[in-house]
Each structure stands twice: as C-alpha cells, then as structure tokens.
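Here is the structure we will look at.
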Amino acid sequence: MSSRPTAPDDGSASPRAGGDGAAVAAPSPASPASSASQRSAPGRGRRVLALVRKGPGMAWQGLRKLARHPAWGRLWRVLVRIVAVLAALAVVAVLLIRFLLWPQAHTARQWLEQQGSAALTANLTIGQLDTYWDGWHPAFRASNVQAVDRDHRMLLSAGTLEGKLSWQSIPALTLQFASLTADRTDVLIRRTDQGMLLVAGVPIEATKSTREDDPFLNWLLSQGHIELKSGNLRWLDEKARLPQLDVADIHFTAERHGVQHAVRLEARSASLAPQPLVFQANLRHDYLHGAGNWRHWAGQASWAFNQLQLPVVQRYLAVFDNVNSGVFSTDGTVDIRGAMCCAASCGCARPAWTCC
C-alpha cells in the first residue's frame with residue numbers, strides 16, 4: 001500500500017507528507033541569458049583593463065612606426081635642400097651688395113637728386129655722397145643737402161646726413177635704418193593761402209583721417225636709432241598772414257629695442273619761451289599691430305614747458321579771446337594704456353596775464 005497522499009477531488013494541491021499542510025513552491029532554475037551575462041561581466045571588465053594597460057605601449061609603438069616611415073626621410077632631404085639653396089642665394093646677394101653694388105652707389109647721386117626733386121617739387125642738390133660699410137651694415141654719408149622751391153625758399157637743408165641701412169629693409173620691402181643721424185638741419189613748414197599744409201614741400205593731409213596706423217609715425221618708430229642735432233624749424237602761416245616763427249636748437253632722438261620705444265624732443269624758441277621745451281615718452285606697442293597705431297600703445301609720457309609767452313601762443317593757437325601779456329608754465333606725466341589715459345599728474349604754475 002502506498003503512503004503517497006492522494007489528491008483531493010476538487011483539484012487543490014495536496015499537502016506534503018509530514019508537513020503542516022502548507023503548500024511550498026519549488027524554486028525555478030535560473031534562465032540561460034541571465035547566467036551568461038553574469039559570467040561575461042567580469043570578463044569584459046578584465047579585457048577593458050588590459051586594453052587600458054596596453055594603450056600607452058601601443059601608442060608609443062605607433063609613434064615609432066610613424067617616425068620611421070620612409071616619407072619623413074624624403075621630406076627632410078627636400079627641406080635641407082631648400083634651406084641650402086636659400087642660404088646660398090642669401091650669401092651671393094650679400095657678396096654682390098658688399099663688393100659690387102654698394103661701393104658704386106655714390107655714382108647714383110644725380111639719380112637721387114632727380115628722384116628727390118620730383119618728390120619735393122623743388123630743386124634738390126647733394127653736395128657730396130660717400131658710401132662705405134660699417135661692420136655688416138651698408139652705410140652712407142651725405143653733406144650739403146639742400147632743397148629750394150621755385151620762389152627760392154629754402155625748404156630743407158642738412159649739413160651732414162649719416163645713416164646705416166638695416167637688413168630688415170629686404171623682408172619689409174621698405175627703407176629701414178639701423179641708425180640715422182642728421183646735423184644742422186632746417187625744415188620749413190608752411191600753410192598756403194588755400195590752407196594746404198606743406199612740410200619741406202610735401203603736402204600733408206591735415207584733415208581728420210579714419211586711419212589709426214599713421215604711415216609716417218609707423219616708419220619713424222620702426223627705425224633702430226634716429227637722432228636730429230642742432231635742428232631748426234620754421235613755421236610760416238600765409239593764410240593767417242603771421243610772421244615766421246623759428247624754433248631752433250632742436251635735439252630729437254628716437255630709439256627702438258624690439259617693441260620698446262624711447263622718444264625725446266628738446267627745442268628752444270626765443271620768441272616762445274626763454275627756457276627749453278622738453279617732451280619725452282617711453283612706449284611699448286603690441287606685437288600684432290604696427291608701431292604707428294597709437295590705439296595699441298602702453299607707456300608713459302612727460303613734458304615740461306616753462307614760461308611760455310602767452311601773447312605768442314595766442315597769436316598762433318588762439319587759445320583765449322584776447323591776451324596782451326603774461327607767461328604760463330606746465331609740466332606733467334601721463335600713463336597711456338591702449339588709447340586711454342590711465343593716470344596723470346600735472347603741475348601748472350599760476351599764470352599771470354592781462355586780457356581786454
């Protein structure tokens with residue numbers, strides 16, 4: 001006789017033998033997909049970790065293979081040949097200029113006089129022109145340089161003009177000097193009856209320009225060293241029918257070191273002030289902009305104008321309504337940062353004048 005309990009007639013689950021009659025469901029076996037994912041997760045992590053560990057080594061091997069590619073050798077040989085050809089051309093050009101062209105440059109004096117006369121619209125004469133070499137710089141010395149207009153007015157004169165050309169003139173395609181010194185110069189600045197401004201006979205645009213990079217100022221600050229000694233400046237205003245104003249004993253220096261510029265101007269005028277007028281500046285321009293772009297200057301400028309005769313200033317500048325007598329003195333310093341005055345200190349002597 002079997003001891004297995006018989007199932008009830010109503011179809012309910014039969015109680016387990018020896019139990020309390022409660023029905024307990026047997027655990028179902030795990031599915032194959034879930035068990036496979038559980039087994040593959042640790043394996044995937046180990047593969048990723050191994051790949052991370054091997055990454056630097058594989059990258060290094062790739063770089064070594066790239067560096068050993070035959071194309072690099074051909075490229076280096078081509079570059080070496082190009083550099084060698086350019087160096088040979090530069091050496092040949094320097095030797096030609098050094099021994100053939102520049103020693104004969106003094107014979108071009110008449111050509112220079114013709115070109116200068118056409119540019120100044122005057123008769124330019126050069127008393128003597130000598131060329132020589134100062135180290136590796138082509139140098140020249142000119143004396144008795146004069147420019148006279150059709151009315152026999154002296155527009156420009158220089159007792160001695162000495163200069164050393166800079167090799168930067170070749171890549172810049174403009175005339176640049178390592179140094180330029182002018183002694184006993186005289187320049188006439190004239191305003192005609194029609195209001196045209198002429199500097200040594202060259203017309204100057206006096207109206208406001210939208211250009212921020214002034215060509216002349218850019219050229220001036222691009223030179224290595226410029227010095228003007230014992231200069232004389234004459235201002236003649238024909239439109240206002242004023243007497244000629246002479247500013248004598250001018251000493252001007254401009255020196256450049258990279259993007260650093262030092263400028264100093266000292267002048268005397270017996271009719272304007274008994275003491276010298278002094279202006280100096282130490283500036284720095286941005287690398288990505290021209291030296292003549294004043295909006296990208298940074299530095300400091302100072303001035304000292306003592307005992308200015310106000311009637312003379314009033315005659316040429318018309319600052320006040322009317323001034324009969326008086327003197328005025330001022331000196332100060334201003335810090336410049338990108339076309340803005342960041343800080344300034346100014347001292348002014350109390351003026352004394354009479355007006356009517």
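The values are calculated or read from the model by the stated rules, or taken from the named source; none is laboratory data. All of these numbers come straight from a predicted model, not from anything done at the bench. We place every Cβ from the backbone using ideal geometry, glycine too, and count neighbours over all the protein chains shown.
So that you can scan it fast, the table gives a plain yes or no per residue for (1) within 31 Å of the chain's Cα centre (by Cα); (2) crowded, with 16+ Cβ neighbours inside 10 Å; (3) among the β-branched types (Val, Ile, Thr):
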| site | (1), (2), (3) |
| --- | --- |
| TRP102 | yes, yes, no |
| GLU113 | no, yes, no |
| ALA118 | no, no, no |
| THR125 | no, no, yes |
| GLN128 | no, no, no |
| GLY135 | yes, no, no |
| ARG141 | yes, no, no |
| VAL148 | no, yes, yes |
| VAL187 | yes, yes, yes |
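Please go through segment 247-267 and give me each residue that is polar (S, T, N, Q) and surrounded by 16 or more Cβ atoms within 10 Å (Cβ to Cβ), ordered by number.
THR253
Pairing residues of segment 285-307 that are farther than 12 Å from HIS261 by Cβ with residues that are of a type in the set (A, V, I, L, M, F, W, C) and surrounded by fewer than 18 Cβ atoms within 10 Å (Cβ to Cβ), at Cβ distances under 7 Å and at least 6 apart in sequence or on separate chains, gives TYR287/VAL259; ARG295/ALA339; TRP303/VAL278; TRP303/PHE279; ALA304/VAL278; GLN307/VAL327.
Filter segment 226-240 for residues that are under 21 Å from PRO276 (Cα atoms) and small (Gly, Ala, Ser); which is surrounded by the most Cβ atoms within 10 Å (Cβ to Cβ)? Of everything passing the filter in segment 226-240, GLY231 is surrounded by the most Cβ atoms within 10 Å (Cβ to Cβ). Those strands (runs of 3 or more DSSP E) of segment 111-221 in which 3 or more residues are modelled with pLDDT under 80, over 30 Å from HIS257 (Cα atoms) and touching a Gly at 6+ places or on another chain (Cβ under 6 Å) are absent.
Among the residues of segment 291-316, the ones that are in contact with a helix residue (DSSP H, G or I) (Cβ under 8 Å, 6 or more places away or on another chain) and surrounded by fewer than 18 Cβ atoms within 10 Å (Cβ to Cβ) come to 1 in all. Within segment 300-314, being within 10 Å of LEU272 (Cβ to Cβ) and in a helix (DSSP H, G or I) holds for VAL312, VAL313. Going by the structure shown, is LEU89 surrounded by 10 or more Cβ atoms within 10 Å (Cβ to Cβ), modelled with pLDDT under 85 and assigned to a helix (DSSP H, G or I)? Answer is no for this residue. Scanning segment 247-263 for residues that are over 12 Å from the mean Cα position of the chain (by Cα) and either polar (S, T, N, Q) or assigned to a loop (DSSP other than H, G, I, E, B) (or both) yields a count of 1. Listed by first and then second residue, the pairs linking a residue in segment 224-239 that is farther than 27 Å from LEU317 by Cα to a residue that is among the polar types (S, T, N, Q) and in a loop (DSSP other than H, G, I, E, B), with Cβ atoms under 8 Å apart and 6 or more places separating them unless they lie on different chains, are GLY224/SER166; GLY224/GLN176.
If I filter segment 41-50 for residues that are under 39 Å from the mean Cα position of the chain (by Cα), at pLDDT 70 or above and surrounded by 10 or more Cβ atoms within 10 Å (Cβ to Cβ), do I get at least one hit? So far as segment 41-50 goes, no, none of its residues is under 39 Å from the mean Cα position of the chain (by Cα), at pLDDT 70 or above and surrounded by 10 or more Cβ atoms within 10 Å (Cβ to Cβ). Looking only at residues of segment 150-167 that are crowded, with 17+ Cβ neighbours inside 10 Å and among the aliphatic types (A, V, I, L, M), we find that the one that is farthest from ALA105 (Cα to Cα) is LEU155.
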